[in-house]
Amino acid sequence: MASIKHKNTKRIEGLDKNVWVAFTSVAADPSIVNLGQGYPDIPPPSYVKEGLAQAAMVDRLNQYTRGFGHPTLVKALSKVYGKVYDRQLDPFKEILVTVGGYGSLFSTMQALVEEGDEVIIIEPFFDCYVPMVKMAGGKPVLIPLRLKGSSGTASSVSSADWVLDQEELASKFNSKTKAIIINTPNNPIGKVSRSELQAIADLCIKHDTLCISDEVYEWLVYKGHEHVKIATLPGMWDRTITIGSAGKTFSVTGWKLGWSIGPEHLIKHLQTVMQNSLYTCPTPLQEAVGQGLLRDFELMGKPDCYFTSLALELEGKRDRMAAMLRQTGMTPVVPEGGYFMIADVTALNQDLSHMGDDEPYDYKFVKWMIKEKKLASIPVTAFVGEDSVKQFEKYIRLCFIKQESTLDAAEAILKSWNKD
Amino acid sequence: MSRKLHARRIEGIDKNIWVELTQLAADYKAVNLGQGFPDFSPPSFVQEAFCKALNEGFSMHQYTRAFGHPNLVKILAKFFSRIVGREIDPMEDILVSVGAYQALFCTFQALIDEGDEVIIVEPFFDCYQPMVMMAGGTAIYVPLKPVCCGPVLSSADWVLSPEELASKFSPRTKAIVINTPNNPLGKVYKRKELQMIAELCIKHDVICISDEVYEWLTYDGTKHVKIASLPGMWERTVTIGSAGKTFSATGWKVGWAMGSEHILKHLKTVHQNSVYHCATAAQEAVAVGFQREYDVFGTEESYFHQLPIHLHEKRLRLADCLKSVGLKPILPQGGYFMIGLATIPVSAFYSPEHRNEFQKYIRFCFVKEDSTLQAAEDILRQWSDGKLKKF
């Protein structure tokens with residue numbers, strides 16, 4: 001009996017579909033080499049696991065802690081980021097701990113976006129930004145990164161070759177623009193924004209707009225590139241929420257802890273959402289992340305700091321993956337940061353007309369590759385709006401934060417690609 | 001920035017009693033019988049399960065299934081199917097959340113639109129009202145009241161007036177929230193009380209949100225009844241549970257919502273657009289805990305059997321202590337709390353309309369180590385003996 005009262009609320013109308021629902025279960029088949037969903041299959045650092053084991057043994061740490069963030073953790077965050085931002089961060093007023101970077105994005109949207117607000121989102125974007133803006137009643141305004149003419153050869157493209165058109169960006173801002181969301185390093189392309197940040201900052205200041213800066217991959221930046229926090233540019237601290245993630249920092253995505261850092265007058269609104277949605281995050285996990293951060297704080301700048309050593313480890317995997325994809329005939333976009341790589345499959349000329357024409361090419365390619373090659377990836381058009389599908393439908397996204405045996409298995413598949 | 005920044009949905013919901021009082025308790029090093037959490041440890045089998053989980057393969061530290069870790073939803077379905085008396089589908093009828101708190105949030109966000117009315121029974125766990133507000137709904141209150149005759153010494157003596165309750169239902173009523181065992185009163189609704197509520201829900205086609213986080217904590221042989229198990233109610237009830245309260249591990253923040261797929265799917269949509277996943281290792285540990293309890297259910301070994309016995313004594317002890325200093329405790333039939341004196345003022349649990357009637361009652365949490373209860377007793381005795389400075 002379908003009671004109309006059992007229907008969904010307006011705020012979630014149309015938000016039930018999700019790319020992960022489609023692809024995660026498929027890739028769970030152990031015979032498939034999974035380079036799809038973004039999580040490591042390498043273990044987290046041992047001191048982080050040990051920290052959790054120790055925390056779980058303390059009675060008090062199995063009970064509720066401070067709602068806006070466990071004291072050990074917020075104090076550690078204020079230390080680490082105080083150094084990075086080169087400013088005093090109030091652990092209780094300028095930091096909020098959330099359920100992953102995802103939870104920070106949600107708290108930010110719910111706190112600061114409402115009907116009548118426009119939010120600028122750069123394509124390709126981590127897919128949750130659009131539904132979250134919509135759920136908050138806002139209107140997403142999209143602008144794509146565009147591949148500029150590359151000075152390198154056709155087989156050597158970098159995420160730095162994907163840029164924003166400045167005039168196009170400026171045209172997206174108007175009096176209704178509440179915020180712009182930026183993600184650096186970017187998922188899925190891996191672009192690390194630097195020079196563009198000033199232009200974005202200028203527009204935010206000119207139009208009195210907020211900036212939501214998703215920096216969950218901030219430590220994963222490769223040689224020759226530098227992560228810059230837009231909140232440190234003049235005039236930006238007061239209008240920026242910066243989001244970080246323990247899951248990405250310590251390779252513990254299953255801990256689901258993240259944080260928002262910003263000025264008190266903005267963070268307090270995120271705190272209001274937090275206290276009315278889930279109130280507090282798990283205690284022992286926060287204690288362990290706090291202890292891990294304190295340990296790495298002492299080593300910051302040194303090679304055995306996990307923030308540095310992980311990036312070094314991943315650079316090797318990045319280069320290995322790019323080489324294997326090139327060998328097959330794909331054109332990888334070598335990322336400056338993050339742990340994803342997109343690759344152009346045009347040159348493979350794979351005929352997929354037998355799969356119908358109701359889906360973009362990359363969706364079909366990914367499904368075909370899972371079935372025929374037992375290799376899982378994610379279609380990049382999942383990260384763009386309808387108008388940009390044509391621009392991105394020849395790209396697939398692969399995750400390279402995988403152990404060597406997984407990469408070996410992927411390599412074996414890619415090497416024998418043309419032998420069928 | 002010059003413009004107004006915050007969204008309207010958070011207006012009027014920024015104040016929170018726990019934030020204030022937890023800070024005060026910490027500042028003054030008070031013996032804390034305020035906020036509801038145990039000061040003893042979770043049972044060893046569950047702590048061990050957690051340690052074991054975090055030493056297992058890499059997958060325990062990475063994302064699990066968004067709507068609930070498979071091991072957990074499977075055992076929850078098995079466990080509660082046996083209690084509710086119907087086949088519960090682990091993948092369709094259950095959503096795991098970050099504590100029962102987030103399950104409540106998903107429920108209100110999924111089902112309450114602007115203009116919808118939600119009936120809330122007072123006294124209520126304080127978050128129901130701001131959550132209804134944030135979803136754009138209107139809270140309609142109906143108070144539990146002590147029956148006028150007889151000694152008012154048990155939570156069982158606090159009842160709803162059937163006529164008053166019926167009068168609160170209107171064509172705009174979307175849902176009613178009940179909490180049994182109730183926080184702060186400790187009332188455990190009898191089957192016939194739930195029957196009365198169920199009849200109104202069916203008559204007015206209203207959803208029942210049943211917060212049952214204290215379901216295992218009932219005393220003096222009182223039976224917890226699930227409203228979802230009454231005829232006509234499974235298809236219109238969202239039942240909320242908590243691993244934190246079940247296993248005395250409030251800091252793990254693992255909870256769930258259970259109900260018919262056609263309603264749960266909307267909660268899942270909210271969940272996937274707000275937190276998406278819950279922490280993996282804690283879910284695995286809770287799953288192991290429930291499997292163990294499934295195997296020993298109804299026996300002396302069961303934690304669900306032992307914990308209420310353990311707390312029964314603490315409840316009586318606190319009641320005696322309050323009586324001896326001249327206060328009138330209301331003995332709870334269930335839950336963690338007793339109304340009497342000293343920590344969280346109970347008027348926070350009432351609507352502005354009814355607050356004045358309940359200002360002289362205060363709530364006490366007795367789920368504490370004996371040493372904590374002893375310390376509280378000492379303070380109260382000194383106070384009543386006039387030895388403490390009067391403020």
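For residues in segment A:207-240 being of a type in the set (A, V, I, L, M, F, W, C) and over 23 Å from A:Gly100 (Cα atoms), which is surrounded by the fewest Cβ atoms within 10 Å (Cβ to Cβ)?
This residue is A:Leu233.
Take segment B:216-226 and flag every residue that is modelled with pLDDT of 95 or more and surrounded by fewer than 24 Cβ atoms within 10 Å (Cβ to Cβ).
Once the filter is applied, which keeps residues that are modelled with pLDDT of 95 or more and surrounded by fewer than 24 Cβ atoms within 10 Å (Cβ to Cβ), segment B:216-226 yields B:Trp216, B:Thr218, B:Tyr219, B:Thr222, B:Lys223, B:His224, B:Val225, B:Lys226.
What single numbered condition from (1) more than 14 Å from chain B (Cβ to nearest Cβ); (2) farther than 29 Å from A:Pro332 by Cβ fails to hold for A:Asp208?
(1)
Could you grab me the full set of residues in segment A:24-48 that are touching a residue at least 40 places away in the same chain (Cβ under 8 Å) and within 20 Å of A:Gly100 (Cβ to Cβ)?
Here is the first cut: in segment A:24-48, the ones touching a residue at least 40 places away in the same chain (Cβ under 8 Å) are A:26-27, A:31-45, A:47-48.
Hits for segment A:24-48 are A:Gly36, A:Gln37, A:Gly38, A:Tyr39, A:Pro40, A:Asp41, A:Ile42, A:Pro43, A:Pro44, A:Pro45, A:Val48.
Of all the residues that make up segment B:7-42, how many are closer than 25 Å to B:Ser351 by Cα and in a loop (DSSP other than H, G, I, E, B)?
Adding up the residues that qualify gives 12.
So, in segment A:5-23, of the ones that are without any contact (Cβ under 8 Å) to a residue 12 or more places away in the chain and at the interface with chain B (Cβ under 7 Å from one of its Cβ atoms), which residue ends up nearest to the chain's Cα centre (by Cα)?
Looking at the filtered set, the residue picked out is A:Asp16.
Residues are listed down the side, and each one gets a yes or a no for (1) under 21 Å from the mean Cα position of the chain (by Cα); (2) at the interface with chain A (Cβ under 7 Å from one of its Cβ atoms); (3) not aromatic (Phe, Trp, Tyr):
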residue	(1), (2), (3)
B:Ile13	yes, yes, yes
B:Leu24	no, no, yes
B:Gly36	yes, no, yes
B:Pro42	yes, yes, yes
B:Ala49	no, no, yes
B:Gly57	no, no, yes
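Take the residues in segment B:92-142 that are outside any helix (DSSP H, G or I) and on the phi > 0 side of the Ramachandran plot; name whichever of them is farthest from the chain's Cα centre (by Cα).
Here the residue is B:Gly115.
Within segment A:306-345, restricting attention to residues that are hydroxyl-bearing (Ser, Thr, Tyr) and assigned to a helix (DSSP H, G or I), which residue is surrounded by the most Cβ atoms within 10 Å (Cβ to Cβ)?
Once the filter is applied, the top-ranked residue is A:Tyr306.
Scanning segment B:59-91 for residues that are away from every other protein chain (no Cβ under 14 Å) and part of a loop (DSSP other than H, G, I, E, B), which turns out surrounded by the fewest Cβ atoms within 10 Å (Cβ to Cβ)?
Residue satisfying both the conditions and the ranking: B:Glu87.
I want to confirm something. Restricting to segment A:108-122 and keeping residues that are under 21 Å from the mean Cα position of the chain (by Cα) and facing chain B (nearest Cβ under 9 Å), which single residue is surrounded by the most Cβ atoms within 10 Å (Cβ to Cβ)?
Per the criteria, the residue is A:Met109.
Based on what the data block shows, is B:Thr269 modelled with pLDDT of 95 or more and facing chain A (nearest Cβ under 9 Å)?
Yes; evaluated as a whole, the condition is true for this residue.
If you take the residues of segment A:40-60 that are of a type outside the set (A, V, I, L, M) and in contact with a His (Cβ under 9 Å, 6 or more places away or on another chain), which of them is nearest to A:Thr253 (Cα to Cα)?
Only one residue tops the list, namely A:Pro40.
Please determine whether any residue of segment B:164-171 is without any contact (Cβ under 8 Å) to a residue 40 or more places away in the chain, assigned to a loop (DSSP other than H, G, I, E, B) and crowded, with 17+ Cβ neighbours inside 10 Å.
No, there is no match, as no residue in segment B:164-171 is without any contact (Cβ under 8 Å) to a residue 40 or more places away in the chain, assigned to a loop (DSSP other than H, G, I, E, B) and crowded, with 17+ Cβ neighbours inside 10 Å.
Looking only at segment A:262-286, count how many residues are within 28 Å of A:Ile230 (Cα to Cα), out of contact with any His (no Cβ under 9 Å at 6 or more places or on another chain), surrounded by fewer than 24 Cβ atoms within 10 Å (Cβ to Cβ) and facing another protein chain (nearest Cβ under 7 Å).
Counting residues in segment A:262-286 that are within 28 Å of A:Ile230 (Cα to Cα), out of contact with any His (no Cβ under 9 Å at 6 or more places or on another chain), surrounded by fewer than 24 Cβ atoms within 10 Å (Cβ to Cβ) and facing another protein chain (nearest Cβ under 7 Å) gives 1.
When you go through (1) within 14 Å of chain A (Cβ to nearest Cβ); (2) more than 26 Å from B:Val96 (Cβ to Cβ) one by one for B:His277, which number turns out not to apply?
B:His277 satisfies all of (1) within 14 Å of chain A (Cβ to nearest Cβ); (2) more than 26 Å from B:Val96 (Cβ to Cβ) except (2).
The values are calculated or read from the model by the stated rules, or taken from the named source; none is laboratory data. These numbers come from a predicted model, not from an experiment. Because the Cβ atoms are built from the backbone with ideal geometry, glycine has one as well, and the counts that use them run over all protein chains shown.
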